[in-house]
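The values are calculated or read from the model by the stated rules, or taken from the named source; none is laboratory data. Here the structure is a predicted model, which is why all the values come from computation and not from measurement. All Cβ positions, even for glycine, are placed from backbone atoms using ideal geometry, and neighbour counts span all protein chains on display.
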Amino acid sequence: MLVKDLSLSTPQENLLLDDVLLYLAELGQSPELLRFWESAQLFIVLGRTSKVEEDIYIERAYRDHIPVFRRSSGGGTVIQGPGCLNYSFVLAKEHHPSIMDIRKSYQYILNKVIIAMASLGVQSIFQPISDLVLQEGQRKFSGNAQRRGKRFILHHGTILYHFDITKMEGYLKVPKDFPVYRKNRLHQQFVKNIPASPPEIKKAIAEVFEGNRQEDRLNRREQESLQYFLQTKNLAINLQELINCNK
């Protein structure tokens, strides 16, 4: 599998590149791959159907100039930035029968990530629908989401390794719909960083998924498609407009 270790300059570029890689795979112009990236900038990203008013302290985010975006995949609202490593898979359904069913696909992919974490001394378990939690204390360190195409799926997730968890308390509300294992815990009691470095995490995941080629730049097709997506897709949420509407 091709491994792309590639972080771009802005949150929107990073989010859209995942969509580009799925788009090119569907066209037969990109292989199965695993991508790693991390944002240097703090930002919030909503799932495809998440509601800004329910998930975010809008005025705080606006006051502190925290940009908010909406990604194309499902899942919940998260805050990202330094200390939060992202991994993204583009996988072919014909090569992995287990990913044909969405629930089975989460278990198939995340069981492999669990094996990778165990090689680093991090004992974790899968909590449906799409979380990885530390075995001791049931504290979440990885959330995941998918976008599914006809022939390929995009599965992306986060791993907290040195993230400032107080930022979650400041900008994210406790979601209305949360898994039973959360037990009404606030963010700081519910999530936790794992004791591993980005190079260690990347190496462990790449080995489990048999990553055998590595790239750290965009090819021509990826560059052209990303520019097109940037010109035609605006992921940003206008917080000022929402604040004015609620007055």
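Among all residue pairs at least 6 apart or on different chains, which show Cβ distances below 9 Å where the first residue, located in region 232-247, is part of a helix (DSSP H, G or I) and the second is charged (D, E, K, R)? Going by the 9 Å Cβ cut-off, the qualifying pairs are Leu239/Glu59; Leu242/Glu53; Ile243/Glu59. In region 1-21, the residues that are under 16 Å from Tyr87 (Cβ atoms) and surrounded by 18 or more Cβ atoms within 10 Å (Cβ to Cβ) form Cβ pairs under 7 Å with partners that are of a type in the set (Gly, Ala, Ser) and modelled with pLDDT of 95 or more, at six or more places apart or across chains, as follows: Val3/Ala206; Asn14/Ser7; Asn14/Ser39; Asp18/Ser88; Asp19/Ser72; Leu21/Ser30.
Total residues in region 213-247 satisfying the condition of being surrounded by fewer than 16 Cβ atoms within 10 Å (Cβ to Cβ) and more than 21 Å from Leu17 (Cα to Cα): the figure is 8. Filtering region 163-170 for residues that are of a type in the set (S, T, N, Q) and within 24 Å of Glu26 (Cα to Cα) leaves an empty set. Please give the number of the condition Pro82 fails out of (1) touching a helix residue (DSSP H, G or I) at 6+ places or on another chain (Cβ under 9 Å); (2) farther than 26 Å from Lys183 by Cα. So the condition that Pro82 fails would be (1). Against the conditions (1) surrounded by 16 or more Cβ atoms within 10 Å (Cβ to Cβ); (2) without any contact (Cβ under 8 Å) to a residue 60 or more places away in the chain; (3) not β-branched (Val, Ile, Thr), Gly28 satisfies every one except (1).
Is one or more of the residues making up region 229-239 farther than 23 Å from Ser105 by Cβ and among the hydroxyl-bearing types (Ser, Thr, Tyr)? Don't jump to the end; show me each part of the working.
Residues of region 229-239 that are farther than 23 Å from Ser105 by Cβ, as a first pass: 229-239.
Of the ones still in play, those that are also among the hydroxyl-bearing types (Ser, Thr, Tyr) are 232.
Within region 229-239, one or more residues are farther than 23 Å from Ser105 by Cβ and among the hydroxyl-bearing types (Ser, Thr, Tyr).
Only one of the numbered conditions (1) within 24 Å of Ile159 (Cβ to Cβ); (2) free of Cβ contacts under 8 Å to residues at least 24 places away in the same chain is violated by His65, and that is (1). Taking region 20-40 as the range and being in contact with a helix residue (DSSP H, G or I) (Cβ under 6 Å, 6 or more places away or on another chain) and not hydrophobic (A, V, I, L, M, F, W, C) as the test, the residues that pass are Gln29, Ser30, Ser39.
Name every residue in region 172-191 that is buried (at least 18 other Cβ atoms within 10 Å of the Cβ) and in contact with a Leu (Cβ under 9 Å, 6 or more places away or on another chain), in order of residue number. If the condition is that a residue be buried (at least 18 other Cβ atoms within 10 Å of the Cβ) and in contact with a Leu (Cβ under 9 Å, 6 or more places away or on another chain), then His187, Val191 are the ones that fit.
Listed by first and then second residue, the pairs with beta-carbon distance under 9 Å, at least 6 apart or on different chains, first residue in region 149-162 and charged (D, E, K, R), second at pLDDT 95 or above and not in a loop (DSSP other than H, G, I, E, B), are Lys150/Glu26; Arg151/Ala25; Arg151/Glu26; Arg151/Ala92. The set of residues from region 142-155 being within 13 Å of Val78 (Cα to Cα) and surrounded by 22 or more Cβ atoms within 10 Å (Cβ to Cβ) comprises Ser142, Asn144, Ala145.
Within the bounds of region 219-226, is there any residue that is closer than 23 Å to Gly121 by Cβ and among the acidic types (Asp, Glu)? Working first, answer last.
Going through region 219-226, the residues closer than 23 Å to Gly121 by Cβ turn out to be none.
No, region 219-226 contains no residue that is closer than 23 Å to Gly121 by Cβ and among the acidic types (Asp, Glu).
Out of Asn111, Asn184, Asn144, Asn86, one residue alone is at pLDDT below 95 and not hydroxyl-bearing (Ser, Thr, Tyr). It is Asn184.
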